[in-house]
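*Asks:* Please find one structure pasted underneath; my questions will follow.
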Amino acid sequence: MVICRNTETRADAIPRVRLNRQLLADLHISQVRGEAVVSSSRKVLLHHMSTDGLEFSTTLRFPVDEQYRLTFSVQMGRKIVQLSGIVTSRAKQNYLYEYDLRILDRSISRTEWIKELNEWILRHRPSLPEHKVHYAYRNLN
């Protein structure tokens, strides 16, 4: 697992976790211009996750616009977490679009989300002692 440093300058910002073990999420459009909409869901591939954002890829083309809100359902262990946010960037890679999403809302608190991310790291790095998740953050390349 490769962990990339987050470029945020906030004191409570933590590194983005690069997912070497592929993690899928269900994505649907939840709002357009402030109005709730119903749309079908689609599986997308997550590449990075952090407390305030994520990076994903799909064949779908979304606008980079604050008027569109996307909602993700992510299985984190036994818990399904709902994340909602806006697309902040889009890049085309071959036949896929890669997006950065700023998370605006979660089905769990920020503290619980950080705990879920830390537990996910520990589950997928069994060689890392449980009490030393901070070791992974300190020893980033």
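What follows draws every value from the coordinates through simple rules; no lab data is involved. Small disclaimer: the values here were computed from a predicted structure and weren't measured. Cβ sites come from the backbone with ideal geometry, for glycine too, and all protein chains shown count toward neighbours.
*Asks:* Let me see the P(r) profile for the range 21-138: every Cα-Cα distance counted, bins of 10 Å, each bin given as a percent of all pairs.
*Replies:* For the range 21-138, the pair-distance distribution reads 13, 44, 31, 11, 2.
*Asks:* With a Förster radius of 30 Å, plug the Cβ-Cβ distance of E119 and Y95 into 1/(1 + (r/R0)^6) and report the FRET value to the nearest 0.05.
*Replies:* It comes out at approximately 0.35.
*Asks:* Residue separation times 0.36 nm, minus the C-alpha to C-alpha distance between V37 and Q75: what's the value?
*Replies:* Here the segment from V37 to Q75 would lengthen by 11.4 nm.
*Asks:* Right, another one. Quick check: pseudo-label points 7 Å beyond the Cα along Cα→Cβ at L45 and Y68, how many nm apart are they?
*Replies:* Between L45 and Y68, the simple spin-label model gives 2.0 nm.
*Asks:* Further question: Based only on other Cβ atoms within 10 Å, what is the fewest-to-most ordering of S89, S57?
*Replies:* With the sparsest Cβ surroundings first, the list reads S89, S57.
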